[in-house]
Amino acid sequence: MTRTALAALLLLAVAACSRGRPSTAPSPAPAAPATKSDVEYLRGRLLMVPVAGIAPEHVADTYQAARSGGRVHRALDILAPRGTPVVAADDGRVYKVGSNALGGLTVYAVDSEERFIYYYAHLDAYRDGLREGMPLRQGDLLGFVGTSGNAPANTPHLHFQVMRMRPDRYWDGAPLNPLPFLSFSGLVRRSTVDSTSVSR
């Protein structure tokens, strides 16, 4: 299926199931947009698609998708079967693990210089032992694709957002479209991690 067809399918499913409900994306911060140096830095990170088995060219661009109340998505929704491994897009550390009504089971991670924060939402489960502060290498298992939060029950996907880090409001930094920065297909780095061991 082409990227355009995937995008159309996802937009129809999300629109049908989430009318009148807020987006899972944190509200864009009233902050300056990313600078040229931010863009160059993020390009140099060579991000991995955060879903195992998905190549960059198969990720639909849902960043500008409309949401209720005239809002814009500001994130990517990466379709995959329920239970597909979700992996770290970059080296860094786990910043926050938690759940909320919109994103369901979520993980916030920061890059190694804590310049950007990566938001992973709608997980079905976390990997066993995932904890705040733990170091991450690109491709480390975080959890599994699902529909927790306000995701349509019949459309498992990962909501993936990249934001400029704001230590005072880590969930509310200025967002950037991750798609141009995705350089590698998703792959679970640690073969020793038992992908059936999960924490809900």
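Please treat every number below as a calculation from the coordinates, not as lab data. All figures in this text were calculated on a predicted structure; none of them were measured in a lab. Ideal geometry is used to build each Cβ from the backbone, glycine not excepted, and the neighbour counts take in all protein chains shown.
Points worth noting:
- Alpha-carbon Debye profile of the stretch 131-194, log10 I(q)/I(0) at 0.16 Å⁻¹: -0.82
- FRET efficiency, Tyr41 to Arg166 (Cβ-Cβ, R0 22 Å, nearest 0.05): 0.85
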